[in-house]
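Beneath this line is the structure, given in structure tokens, with notes to follow.
The values are calculated or read from the model by the stated rules, or taken from the named source; none is laboratory data. The structure displayed is predicted, hence computed values, not measured ones. All Cβ positions, even for glycine, are placed from backbone atoms using ideal geometry, and neighbour counts span all protein chains on display. Note: accessible area is taken over every heavy atom of the protein model, side chains too, but ligands, DNA and RNA are not part of it. Shrake-Rupley method; radii C 1.70, N 1.55, O 1.52, S 1.80 Å.
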Amino acid sequence: QAAPANPLSTSEDSPFNKNSALREQVDQDLARLYPGDAFFERPDVQRVMHRILLVWACDHPDISYRQGMHELLAPLLLANWLEAAHFLKTGDLVRAFGAINYAHAWIDAGVKLRLLDGHGDDVLFTLP
């Protein structure tokens, strides 16, 4: 049986390093996204966007990541983030969670309507 992959390996064959070019492209595009905009320059926002784009690319290898996808993600993330922040600030934790979960509902609806491929996953975020 093969040994588990080492996340610290520098080998190009390591699954942790196979997407280095993809990671670099996403990093480069995110660094250029809305220069001077404090929200999109925040490290936590950069990390969230980076993860979303990489997961998308790895989950859809036929499409992968294309330049400009970060610009499509940005307003969606901002809208949900601001709505959740507003409700959190007012102490309405249920609606703050709902604002975050709302994005998941769109994904679930897309899967239910067969506009998105759920990859056989019948356990969705929000829809019964």
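Exactly one of these conditions fails for Glu83: (1) assigned to a helix (DSSP H, G or I); (2) within 25 Å of Arg23 (Cα to Cα); (3) open to solvent by 70 Å² or more (accessible area, probe 1.4 Å); (4) among the acidic types (Asp, Glu). Give me its number.
(2)
Could you check region 1-60 for helices (runs of 4 or more DSSP H) lying wholly inside it with 2 or more residues that are at pLDDT below 80?
Numbers: elements: 20-32, 38-41, 43-59.
Of the helices (runs of 4 or more DSSP H) lying wholly inside region 1-60, those with at least 2 residues that are at pLDDT below 80 span 43-59.
Any residue in region 71-91 that's in contact (Cβ under 8 Å) with a residue 60 or more places away in the chain: show its pairings with residues that are part of a helix (DSSP H, G or I) and open to solvent by less than 50 Å² (accessible area, probe 1.4 Å) at Cβ separation under 8 Å, as long as the two are six or more apart or on different chains.
none
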